[in-house]
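Note sheet for the following structure.
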Amino acid sequence: MSHKIFEEISEKVDKNIRLTKEDSAALMESNDILSIARLADKVRKKKSGDYVFFNVNRHINLTNICVSRCKFCAFSRDKGDADAYAMSLDEVEKIARSAMDIGITEFHIVSGLHPDFPFQYYVDVLSCLKNLMPEVHIQAFTAVEIAYFSKISGLSIKEVLTTLKNSGLGSLPGGGAEILNHRVREAVCSKKATADEWLEVMRTAHSLGLKSNATMLFGHIETIEERIDHLLRLRELQDETSGFQSFIPLPFHPQNTQLTQYKKPSAFESLKMLAVSRLVLDNFPHIKAFWIMLGLKVAQLSLLFGVDDLDGTVVEEKITHAAGAETEQSITKEELLQLIYEAGRIPVERDTLYNFIKIYKN
Ligand code: V47
């Protein structure tokens, strides 16, 4: 990127002028990540001040049995595989009970597309958790799962979401977005919701008052242009609905997948991706670093690259660990606070909808 182009982009950022596709490409192709970081950091500071958000949640993956079998996924199994599992409602209840004493404010539920579970099972999971811990927010079911529920139940997307909302669903996680592009999805995840369907589920969820996140799985077969298009499609929908809370770029972990010829994105690449996301997604309130996938060291540095949210103290994360993540499955609140203090920021425990629970002054 020439000095002149960077100066132009920098001026746009200062004047709150939206970056174009060409600006985004110039940033992605640049190696000057410290200059990009400084710009992203300015935007982050304008949006969140010195606060860094985290929440205390419990991930639940109801089943690894999945009819989709995406090439990038090391977690999914066929029914009948030795290590295939599917939780009964009793097992879900047991997990919820074990989380009762650790002060969680959120259940985060993402699962395989099970061939036989009826839609009612998911309604029952919500009712079971709500009965047990009514105050805990349930962030559950990616847009891909919602589209699948519509298919298996014969209900419309709107009816599925309304039924789930009435049973305790609080918001949607951002998974399943991968790369919102037809070529990429045909090649790596052809059996699940298309890009348009993913966006349509989110549009409908937002119209019903359900907030959501959005992810992007980067570092496999996609081109830089396809990554940028992904960001622009999200930005466009956000202009329409304002329903997205955070954007979470997920670096691809190749181990045990069908795409082992690819390398996990480097720290350099991941940090650049986070910073460029902060700059392009001017209408997203938060950029989240999912430390489980980035590793704690890169996640801490990401606080200088536009990130204002470190995902919660996750307990038992299976999807990335199946694909070779070497991070711990959880960290304590104290460890998380320390990482944030070291960066000179103020940790804030938030609930799922970004209400402040506690500000931790050092
Ligand atoms: O949709 C699957 C990704 C996602 C791999 O909304 C992989 O706050 C890397 O969506 N390497 C599920 N990633 C997790 C997810 C998520 C995580 C944290 C927070 C939130 C949120 C959402 O994991 C999938 C897929 O994109 N994934 N396999 C892999 N080998």
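What to note about this one:
- Residue match in segment 139-147 (condition: in contact (Cβ under 8 Å) with a residue 40 or more places away in the chain, crowded, with 23+ Cβ neighbours inside 10 Å and touching a Ser or Thr at 6+ places or on another chain (Cβ under 6 Å)): yes
- Take the conditions (1) within 9 Å of the ligand (Cβ to nearest atom); (2) under 21 Å from Val160 (Cβ atoms); (3) touching an Asp or Glu at 6+ places or on another chain (Cβ under 8 Å); Leu180 misses just one of them, which is (1).
- When segment 281-302 is limited to residues that are among the aromatic types (Phe, Trp, Tyr) and within 12 Å of the ligand (Cβ to nearest atom), the one that is most open to solvent (accessible area, probe 1.4 Å) turns out to be Phe290.
- Of the numbered criteria (1) touching a residue at least 40 places away in the same chain (Cβ under 8 Å); (2) buried (at least 17 other Cβ atoms within 10 Å of the Cβ); (3) in contact with a Ser or Thr (Cβ under 8 Å, 6 or more places away or on another chain), the one Arg185 fails is (1).
- Pick from segment 93-122, criterion within 30 Å of Lys333 (Cα to Cα) and free of Cβ contacts under 8 Å to residues at least 24 places away in the same chain, ranking: least open to solvent (accessible area, probe 1.4 Å): Ser98
- Taken over segment 247-280, the criterion of being touching a helix residue (DSSP H, G or I) at 6+ places or on another chain (Cβ under 7 Å), farther than 15 Å from Arg227 by Cβ and open to solvent by 20 Å² or more (accessible area, probe 1.4 Å) is satisfied by Asn256, Ala267, Phe268.
- Helices (runs of 4 or more DSSP H) wholly inside segment 262-362 that include at least 2 residues being in contact (Cβ under 8 Å) with a residue 60 or more places away in the chain, of a type in the set (A, V, I, L, M) and farther than 25 Å from Leu210 by Cβ: 267-280, 333-342
- Residue in segment 37-79 that is farthest from the chain's Cα centre (by Cα), counting only those that are more than 14 Å from the ligand (Cβ to nearest atom), within 26 Å of Leu126 (Cα to Cα) and in a loop (DSSP other than H, G, I, E, B): Lys79
The values are calculated or read from the model by the stated rules, or taken from the named source; none is laboratory data. This is a predicted model, so every value here is computed, not measured. Note that we place each Cβ from the backbone using ideal geometry, even for glycine, and neighbour counts take in every protein chain shown. Just so you know, the surface numbers come from the protein's heavy atoms only, side chains and all, with ligands and any DNA or RNA stripped out. Shrake-Rupley method; radii C 1.70, N 1.55, O 1.52, S 1.80 Å.
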